[in-house]
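Below is one structure; the comments refer to it alone.
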Amino acid sequence: MHETIIHLGAWAEPLWTRFLEKLPEILQATWETLDMVFLSTVFSMFFGFILAIWMIVTNPLGLRPCPAVYRVLDFVVNLLRSFPFIILLIAIIPITRFIVGTSIGSAAAIVPLTVAAAPFVARLIETCFLEVDRGVIEAARSFGASNTQIIFRVLIPEALPSIVLNVAVVAITLLGYSAMAGTVGGGGLGDLAVRYGYNRFQVDIMVYAVIILCILVLLIQGVCNLLYKVLR
Amino acid sequence: MIHVEHLHKWYGNREVLHDINLHVSEGEIFGVVGHSGAGKSTLLRCMNGLESYQQGKVTAMGVDVASLSGTSLRKLQSSMGMIFQNFNLMARKNVFENVAFPMRLWGAPNIKERVNELLELVGLAKRAMQRVQNLSGGQKQRVGIARALALNPRVLLCDEATSALDPKTTMSILDLLDDINRNLKLTIVMVTHQMEVVKRLCHSLLMLDRGKTVASGVTEELFLSPTKEMSKMVTDEYTLLKSGTNIRLMFPRDISQQSIITHMARSLDIDFSIVGGKLERYLDDVFGFLIINVPDAHKDAVLGYLENHHLYWQVLDNEEAGSCMRR
Ligand SMILES: Nc1ncnc2c1ncn2[C@@H]1O[C@H](COP(=O)(O)OP(=O)(O)O)[C@@H](O)[C@H]1O
Ligand SMILES: [Mg+2]
């Protein structure tokens, strides 16, 4: 291994061989990352959405004001958001084990990722709802729309474009979090980069992992921007 | 059609509506005027149950609005269309979808025909598929009107419907509302701070100032013989002459102003100067007023003449326009 480094002209070759050699592992890690990010985005969007609707309904200026409930929701969302992810990850291991059966692997990482992202999503979507023109809601009210109709026929459709943009924010944040989840046995690109780049000084593998992460970020943002343009 | 009796409303401990009484008859155009913050929108929203109130009674189409809730309230609201200053349309949707929206909520039949019919009525048939955000203000308000009519309401509530429009567009929207009132026999309640709108369109009106009624009655009569409080709100922008007596003459439809003034000058053999004047359109009639200045020596003679000829007049003084009012 050491003699190859001396021949500068030939140093690319072992890099190439190592790339080919590690390719299955890189692909595996990419897949794990996609798996974690996709599922945790879906789940956190789902729970965050429900929370956001609950908040917009109970908001003191909302469809059916209930300030007490709103304050509780608001507090819980703030509390969960202020938790550092790495601590949340460890703190909810019992819950993870209860839901998934294990606390190791990418399936197990999805639980803390969802718990961390859901309140974040709730806040983002709540903002999207608050930005919907109050006049349009008032108009819907004036010809007798029920609260349910206002939520499903006015609020959600009107907020949809900005919600789509926020999906990108959530997915990219989760991509970052998933790298951390990797360190407690979640696998994925973050884990790969740390294992090879930091622990074994194989910087090239780390670079590949980072490049793939960058591409994923650009991809997510690009798709959401495109969707936004179509919807707007 | 709509009765409001002794209505009081507070926001917190601030009274925004104080003892409001009004009666909107079927088929009329009723105006509510006042400066911004007077409580006009709040009053309008009490009529279709968008706003609750603490005291008094609001009856719309025979039912006590406060007694309704849930589906029965929504039913009432569906029979009262509403249009807004900022149009409140769904900007990303096209014209057709905006007009169809209330019908979809209520599962109305024949949406396509009905919407096209309404777009024909407001003159936007060619723009059905255009996005609302690309329309001009006047066109947006037409979409708003079509949408408000979609459920065949019996009453149309207009909240500052023309306040965001330029004068020419305002006129065209007022003409449209006038048309709708005549042809569809629709009762209209117009809330506005624009005095011209009321004069042009409303049969009777209520004038509000900080939640209190300043004046109410038939438009024509109110403007021909305004009360003291009302004159303060409806001020003419003329600088009155310091000396002599300024007299404001009002000419209803059946008096030809030209001859009466010249005749007065001739028969009393006096001189006077003209301070200002204007012709205004009230509903279908043209009314005019003229402010003249006569030397104090001739004041009694002139007033006597006006009295004998049954003219509407008002002596103005510089400190406070509208000191006394007589016919
Ligand atoms: N939701 C509200 N809470 C508290 N005060 C309000 C609310 N809505 C309106 N007001 C107050 O009530 C008064 C009347 O408002 P509004 O009916 O909108 O007046 P207008 O339509 O004549 O301009 C204003 O002083 C306004 O500040
Ligand atoms: Mg208003």
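The values are calculated or read from the model by the stated rules, or taken from the named source; none is laboratory data. Computed from a predicted model, the values in this text were never measured in an experiment. FYI the Cβ positions are ideal-geometry reconstructions off the backbone, even for glycines, and counts take in every protein chain you see. Ligands, DNA and RNA are stripped out before the accessible areas are found, and what is left, the full protein with its side chains, is counted by its heavy atoms. Shrake-Rupley method; radii C 1.70, N 1.55, O 1.52, S 1.80 Å.
Only one residue in B:HIS23, B:HIS18 is in contact (Cβ under 8 Å) with a residue 24 or more places away in the chain, more than 16 Å from ligand 2 (Cβ to nearest atom), open to solvent by 30 Å² or more (accessible area, probe 1.4 Å) and assigned by TED's automatic domain parsing to the domain that holds B:VAL65, so which one is that?
Working: B:HIS23 fails: in contact (Cβ under 8 Å) with a residue 24 or more places away in the chain.
Sole residue among the options that is in contact (Cβ under 8 Å) with a residue 24 or more places away in the chain, more than 16 Å from ligand 2 (Cβ to nearest atom), open to solvent by 30 Å² or more (accessible area, probe 1.4 Å) and assigned by TED's automatic domain parsing to the domain that holds B:VAL65: B:HIS18.
Can B:LEU176 be described as outside any loop (DSSP other than H, G, I, E, B), touching a strand residue (DSSP E or B) at 6+ places or on another chain (Cβ under 7 Å) and within 16 Å of B:PHE84 (Cβ to Cβ)?
Values: outside any loop (DSSP other than H, G, I, E, B): yes; touching a strand residue (DSSP E or B) at 6+ places or on another chain (Cβ under 7 Å): no; within 16 Å of B:PHE84 (Cβ to Cβ): yes.
Taking the combined requirement at face value, the residue does not satisfy it.
Could you check the range B:38-79 and list, in sequence order, the residues that are within 16 Å of ligand 1 (Cβ to nearest atom), away from chain A (no Cβ under 12 Å) and within 21 Å of the chain's Cα centre (by Cα)?
Selection gives B:ALA38, B:GLY39, B:LYS40, B:THR42, B:LEU43, B:CYS46, B:VAL58.
Do we find that B:THR162 is assigned by TED's automatic domain parsing to the domain that holds B:LYS112, modelled with pLDDT under 95 and open to solvent by less than 20 Å² (accessible area, probe 1.4 Å) in this structure?
Numbers: assigned by TED's automatic domain parsing to the domain that holds B:LYS112: yes; modelled with pLDDT under 95: yes; open to solvent by less than 20 Å² (accessible area, probe 1.4 Å): yes.
Judged against the criteria, B:THR162 is a match.
Given the criteria in a helix (DSSP H, G or I) and within 14 Å of chain B (Cβ to nearest Cβ), does A:VAL136 qualify?
On the way: in a helix (DSSP H, G or I): yes; within 14 Å of chain B (Cβ to nearest Cβ): yes.
In short, yes.
Within the range B:80-111, can you find the residues that are more than 11 Å from chain A (Cβ to nearest Cβ), β-branched (Val, Ile, Thr) and open to solvent by less than 10 Å² (accessible area, probe 1.4 Å)?
Within the range B:80-111, B:VAL95, B:VAL99 qualify.
Conditions (1) of a type in the set (A, V, I, L, M, F, W, C); (2) touching a Ser or Thr at 6+ places or on another chain (Cβ under 6 Å), marked per residue:
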| position | (1), (2) |
| --- | --- |
| B:ILE2 | yes, no |
| B:GLU26 | no, yes |
| B:GLY31 | no, no |
| B:HIS35 | no, no |
| B:SER69 | no, no |
| B:ASN94 | no, no |
| B:ALA100 | yes, no |
| B:ARG104 | no, no |
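Only one residue in A:VAL100, A:VAL121 is farther than 30 Å from B:SER78 by Cβ, of a type in the set (Val, Ile, Thr) and modelled with pLDDT of 95 or more. Which one?
Working: A:VAL100 fails: modelled with pLDDT of 95 or more.
None of the others qualify; the one that does is A:VAL121.
Out of curiosity, is B:VAL218 modelled with pLDDT of 85 or more and open to solvent by less than 30 Å² (accessible area, probe 1.4 Å)? Even if it seems obvious, please write down each step before you answer.
Working: modelled with pLDDT of 85 or more: yes; open to solvent by less than 30 Å² (accessible area, probe 1.4 Å): no.
It is false that B:VAL218 is modelled with pLDDT of 85 or more and open to solvent by less than 30 Å² (accessible area, probe 1.4 Å).
Hey, any hits in the range A:88-109 for a residue that's part of a helix (DSSP H, G or I), open to solvent by 40 Å² or more (accessible area, probe 1.4 Å) and under 30 Å from B:GLN85 (Cβ atoms)?
Taking the range A:88-109 first, the residues part of a helix (DSSP H, G or I) are A:88-91, A:93-100, A:106-109.
Next, from what is left, pick out any that are open to solvent by 40 Å² or more (accessible area, probe 1.4 Å): A:90-91, A:93-95, A:97-100, A:107.
Restricting the remaining residues to those that are under 30 Å from B:GLN85 (Cβ atoms) gives none.
Within the range A:88-109, none of the residues are part of a helix (DSSP H, G or I), open to solvent by 40 Å² or more (accessible area, probe 1.4 Å) and under 30 Å from B:GLN85 (Cβ atoms).
Quick one: count up the residues across the range B:201-219 that are more than 8 Å from the chain's Cα centre (by Cα) and either outside any strand (DSSP E or B) or without any contact (Cβ under 8 Å) to a residue 60 or more places away in the chain (or both).
7
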